[in-house]
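Below is one structure, written out as C-alpha cells; the observations come after it.
The values are calculated or read from the model by the stated rules, or taken from the named source; none is laboratory data. Just so it is clear, the model here is predicted, and its values are computed rather than measured. For neighbour counting, all protein chains shown are included, and Cβ atoms are generated from backbone atoms with ideal geometry for every residue, glycine included.
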There are 2 protein chains.
Amino acid sequence: MALKKKKIAIAGIGTVGKGLLKILEVNGNGSSDIEITAIASRKKINIPKKSLFKKTCIFSDAEEFLKYDNYDILVELIGGDNGVAKKIVFNALKKKKHVVTANKALISRYWKDLNKISNNVGVSLKFEAAVAGGIPIIKIIDEFLVSNNISRIYGILNGTSNYILTKMLTTNKKFSEILKDAQNLGYAESDPTFDIDGIDTAHKLSILCSLAFQTNCDLKNIKAEGIRNIDLSDLKYADSLGYKVKMVGISQLKGKEIKNYVYPCLVAKNNFIANVDDVYNGVVVESNFCKKSFFQGEGAGSLPTATSVISDIISIIKLNKTGSKHKKKSNFKMDTVENRFGSYYLRFTTEDKPGVISGIADEFKKNNISMKSMLQKESKNKNSKGATIVITTHDCNEKNMFLALAKINKMKFIKKKTIYYRIENFIS
Amino acid sequence: MALKKKKIAIAGIGTVGKGLLKILEVNGNGSSDIEITAIASRKKINIPKKSLFKKTCIFSDAEEFLKYDNYDILVELIGGDNGVAKKIVFNALKKKKHVVTANKALISRYWKDLNKISNNVGVSLKFEAAVAGGIPIIKIIDEFLVSNNISRIYGILNGTSNYILTKMLTTNKKFSEILKDAQNLGYAESDPTFDIDGIDTAHKLSILCSLAFQTNCDLKNIKAEGIRNIDLSDLKYADSLGYKVKMVGISQLKGKEIKNYVYPCLVAKNNFIANVDDVYNGVVVESNFCKKSFFQGEGAGSLPTATSVISDIISIIKLNKTGSKHKKKSNFKMDTVENRFGSYYLRFTTEDKPGVISGIADEFKKNNISMKSMLQKESKNKNSKGATIVITTHDCNEKNMFLALAKINKMKFIKKKTIYYRIENFIS
C-alpha cells in the first residue's frame with residue numbers, strides 16, 4: 001500500500017550527523033518512506049544529491065529551527081545534556097514528534113522526564129545510538145529479552161579507553177604516549193576527560209541500568225573511576241597473572257538493590273570481554289532464561305552510530321505499517337564449495353621412507369599448491385614404520401587440491417586416505 | 001490506551017513449547033495484551049495457572065485445529081518441513097493470521113512461498129527462533145543493519161556439534177564417546193544426523209543468506225559436510241598450529257555471486273568464533289558501515305529459543321501500538337561501590353628489608369582480608385634497595401580493603417602509594 005512519507009528533521013551535523021548523511025547517500029535507508037524536510041547545522045554542509053533531500057530546508061539558527069514543525073521524527077545529533085540539544089528534544093516531544101537521539105548525556109540525565117513526556121503524548125523516544133554504537137544493545141534489552149529478567153549487564157562501553165589500554169600493553173608504551181597517538185588518530189578528543197575518567201561509561205551504564213531493570217537510574221548514583229593514572233607495569237603484572245585490565249561498567253541487581261560500578265579492573269582472560277580489544281565495545285547480558293549473551297561491535301565512530309540512528313528511524317516507521325517488508329533484491333548466482341579458493345590442513349599417513357615428501361611436493365607443484373607449514377611425526381607403533389605428516393597450505397583452488405589429493409592418495413607410500421580440513425581466515 | 005488483547009494459538013508443545021509455557025508462567029510476557037486462545041498438542045499437557053490461559057482451548061487433533069480460527073497470531077512449534085507443520089502455517093497465512101515459528105526446516109525450504117503469501121495478505125511472518133535461539137540475529141540483520149550492505153555472515157550455528165568438538169579436545173576423548181555423553185546429557189538427539197552431518201547448519205545458513213542478501217537461497221545450493229568422521233588427533237594438531245576446529249556456516253557475497261559453505265574447518269584462535277565453545281552459538285556479521293559485529297549466546301535449548309518466540313510475538317503486537325512502552329517497574333535501592341564485596345589486585349612499592357610482608361599481612365588479618373597470590377620483584381634500580389610486591393586477594397569488603405590500605409600506606413617501608421585494582425570474575 002502507498003503510505004505518506006515520514007518527514008525527518010535532523011538537528012546537528014557533527015561526527016554522527018556526517019555518518020548519517022553518508023549512509024543515506026551511499027546505501028539508502030532500507031525504506032523508501034522517508035524524506036528529510038529539515039537539517040539544522042551551525043556550519044555549512046553539503047547535502048547529498050538524493051531524492052530524499054530534494055525538499056530539505058537548512059537552518060543555521062537554532063531558534064528558527066525551534067519554530068519549525070514540518071516533521072514527524074526529530075533526529076537530535078547535537079549532544080550535551082543542556083543547552084540547545086535539550087531545548088530541541090523537549091520542544092519536539094511537546095509537539096508530539098517522535099525523537100531519535102544519540103545523546104547519552106541527555107538521556108542519562110533526563111531519562112525520567114523524557115520517558116514521562118513521550119509516554120504522555122504517545123510518541124516514541126529512541127536512543128540506540130547513545131550506547132555502544134555498533135551493538136544494538138537497546139533493542140536487545142527492550143525487544144529480544146523482553147520476557148527475561150535481567151540480573152546483570154556489564155561490559156566495555158568506551159572505545160577510547162579500551163583502545164588506550166589495549167595499545168599500552170601491545171606496544172609497551174605509557175598512558176600519556178598512547179593517549180597522544182589516539183588523539184592524532186582521532187580516537188580520542190583533544191579534551192579526553194569524558195572518555196578516560198569514566199564519565200562516558202557512567203552515562204551509558206545509567207541508561208543500560210534504567211532499561212535493564214526498568215527503573216530510573218540517576219547518574220549521581222554512579223561513582224566513576226577512570227584510567228588516567230594507569231601504569232603500564234600493572235597491565236603487565238595482570239597479564240602474567242592471567243588477567244586483562246579493562247575499563248568496565250557493571251550494573252547488577254541483587255534482591256531489591258542495584259550495584260553500579262564504573263572502573264578499570266582485572267578480568268580473567270577467559271571472560272568474554274577480556275578479548276574485546278582496540279576501539280571495540282563488548283556487552284554481556286545475564287538473564288534468567290538466556291543465561292549469558294554477549295555482543296561485540298565497534299563502540300563509537302560515525303558510521304556504526306549512524307547505523308543505530310537509522311535503525312531507530314525505521315523502527316518508528318514500521319510501527320505504522322503491517323506486512324513483511326522483505327522484498328527480493330536481486331538474483332544472485334549461488335556458488336558452491338567446489339569453487340572455493342583458500343588454504344588447507346592435510347594429515348598424511350605414510351610409510352616412513354625416502355621419497356614421501358618429494359612425492360607429495362611434486363604433486364602439489366603440478367597443481368599450483370604451495371606449502372605453508374609442515375610437521376612430521378614418527379608413528380607411535382614401532383612395528384608399523386609409519387609416519388604422520390601434517391601440512392598446511394597457502395591459498396589454492398579447491399579443485400586443484402582435490403586433484404592433487406586424488407593422485408597422492410593412490411601413491412604407494414600412502415597408508416590411509418589423507419585427512420583434509422579447510423582453514424578459514426575470514427579475511428578476504 | 002486500552003487495546004483489544006491479541007489472541008495467540010500455539011501449535012506443538014515439544015521442547016520449545018514447554019519453554020514458552022514456562023516463561024509465560026514465570027516471567028509473564030512483557031506485555032499484558034495477549035491471551036492464549038488455543039494450544040494444539042498430541043500429548044497431554046499442563047496449562048499454567050495464569051490469567052492469560054483462562055480461556056485456552058486444547059486440541060489434540062491437528063485437523064480440528066486447522067478449522068479453528070479464533071486467533072490473531074499462530075505460534076508454530078511442531079517442526080519439520082512437511083506434514084502438519086507446513087499445513088498449519090500455510091493455512092494460518094491464508095486466513096490472514098500472523099505467524100511466529102521456530103521451524104528452520106520449513107522456513108529454509110519454503111522461504112520463497114511463505115514470504116510471498118505473507119506479503120500478499122499483509123501479515124507478519126517471524127522466525128527469530130529458527131536460527132541461533134539465544135541470539136537475536138534475525139532482528140539484527142533485519143532491523144539493526146537495515147541501512148548497511150552485508151558482505152559476509154558466518155558462524156557456529158549448531159550447538160550440538162560445537163559441544164562435541166569442544167569436549168573432544170578438552171577431555172581427550174573420541175568423537176563416538178563424546179556423542180554418547182552428549183546424548184545422555186540431552187545435548188544430542190538419539191538420531192543426531194541433522195546436527196552432526198551439517199544439515200541443521202545448512203538450514204540455518206540458508207535462512208541467514210536469504211535475509212542478509214535479500215535473496216532466495218535454496219537449500220540445494222548448500223553442500224553440507226559434517227563432523228561424523230572427525231579424529232581427535234586433528235583437533236590436537238590444529239591446536240598446536242594455533243587453530244581451533246569449528247563446525248561453521250559461511251555465506252559470502254562477492255560481486256553478484258554468493259558462496260555458501262558448511263563444513264568443519266580450522267579457525268585461527270584469535271578469530272571471534274574460535275572461543276565460542278560448548279553449546280554456544282556465535283555469529284559474525286560483516287557490513288560496510290559497522291564492519292565486524294559479533295554475537296554469542298546459547299544456540300538452542302528450550303528457554304533461549306522460547307525467548308525468541310516471545311520477542312517475535314511482542315514485535316507483532318507493537319506494530320499496532322504507538323507510544324513508548326517503558327513503565328517504571330520498581331523502586332530499587334541504588335548501591336554504591338563503597339559496599340563492594342570482591343577481590344583485589346595490589347601493587348606495593350616498598351623498601352627491601354625484613355618485616356615488609358609481615359607488616360602487610362598483619363594489617364590484612366585485622367581487616368579480614370586473605371591473600372590469594374603474591375609475587376615479589378627486586379627493584380631494577382640497584383641503588384634504591386626497593387621491592388615491588390604484587391598481591392591478589394580473595395573476596396573481601398571494599399571498606400575493609402581501604403581501611404587496610406590507608407594503614408599500610410602510612411607504614412615506614414612503603415615508598416609509594418599502593419596501586420589497587422578490583423578483580424572482576426563476573427561469577428556471583
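What to note about this one:
- Considering residues of segment B:315-333 that are outside any loop (DSSP other than H, G, I, E, B) and at the interface with chain A (Cβ under 7 Å from one of its Cβ atoms) only, the residue modelled with the highest pLDDT: B:SER315
- Residues within segment B:388-408 that are over 18 Å from B:ASN425 (Cβ atoms), away from chain A (no Cβ under 11 Å) and of a type outside the set (A, V, I, L, M, F, W, C), tallied: 3
- Residue within segment B:257-264 that is facing chain A (nearest Cβ under 9 Å) and at pLDDT below 90 present: no
- Qualifying residue in segment B:35-44 (condition: in contact (Cβ under 8 Å) with a residue 40 or more places away in the chain and closer than 24 Å to A:ASN148 by Cα): no
- Within segment B:90-108, at least one residue is touching a Gly at 6+ places or on another chain (Cβ under 9 Å), within 11 Å of chain A (Cβ to nearest Cβ) and of a type outside the set (A, V, I, L, M, F, W, C).
- Test: residue in segment B:180-195 that is surrounded by 20 or more Cβ atoms within 10 Å (Cβ to Cβ), in the same structural domain as B:LYS269 (by TED's automatic domain parsing) and more than 26 Å from B:ILE13 (Cβ to Cβ): no
- If you filter segment B:284-309 down to residues that are outside any strand (DSSP E or B) and at the interface with another protein chain (Cβ under 8 Å from one of its Cβ atoms), you find that the one that is surrounded by the fewest Cβ atoms within 10 Å (Cβ to Cβ) is B:ASN288.
- The set of residues from segment A:152-178 being aliphatic (A, V, I, L, M) and either out of contact with any Ser or Thr (no Cβ under 9 Å at 6 or more places or on another chain) or without any contact (Cβ under 8 Å) to a residue 40 or more places away in the chain (or both) comprises A:ILE164, A:LEU165, A:MET168, A:LEU169, A:ILE178.
- Residues (among the small types (Gly, Ala, Ser), free of Cβ contacts under 8 Å to residues at least 24 places away in the same chain and outside any helix (DSSP H, G or I)) located in segment B:179-192: B:GLY186, B:SER190
- Positions within segment B:8-35 being of a type in the set (A, V, I, L, M) and within 14 Å of chain A (Cβ to nearest Cβ), in sequence order: B:ILE8, B:VAL16, B:LEU20, B:LEU21, B:ILE23, B:LEU24, B:VAL26, B:ILE34
Rundown of residues vs (1) over 24 Å from A:LYS4 (Cα atoms); (2) within 28 Å of the chain's Cα centre (by Cα), yes/no style:
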residue: A:PRO48; (1), (2): no, yes
residue: A:LEU52; (1), (2): no, yes
residue: A:GLY83; (1), (2): yes, no
residue: A:PHE90; (1), (2): yes, no
residue: A:LYS96; (1), (2): no, no
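- Scanning segment A:28-65 for residues that are surrounded by fewer than 20 Cβ atoms within 10 Å (Cβ to Cβ), outside any loop (DSSP other than H, G, I, E, B) and of a type outside the set (Gly, Ala, Ser) yields a count of 7.
- Among the residues of segment B:109-136, those that are within 10 Å of another protein chain (Cβ to nearest Cβ) and either under 20 Å from the mean Cα position of the chain (by Cα) or of a type in the set (D, E, K, R) (or both) comprise B:LYS112, B:LYS116, B:LYS126, B:GLU128, B:GLY133, B:GLY134, B:ILE135, B:PRO136.
- The single residue among A:ASP312, A:ASP277 that is among the charged types (D, E, K, R), crowded, with 23+ Cβ neighbours inside 10 Å and more than 7 Å from chain B (Cβ to nearest Cβ) turns out to be A:ASP312.
- Meets criteria (at pLDDT 95 or above, of a type in the set (A, V, I, L, M, F, W, C) and surrounded by 18 or more Cβ atoms within 10 Å (Cβ to Cβ)) for B:LEU253: no
- Just one residue in the set A:ASP200, A:ASP191 is in contact with a helix residue (DSSP H, G or I) (Cβ under 8 Å, 6 or more places away or on another chain) and among the charged types (D, E, K, R); that residue is A:ASP200.
- Some residue of segment A:258-272 being within 15 Å of the chain's Cα centre (by Cα) and assigned to a helix (DSSP H, G or I): yes
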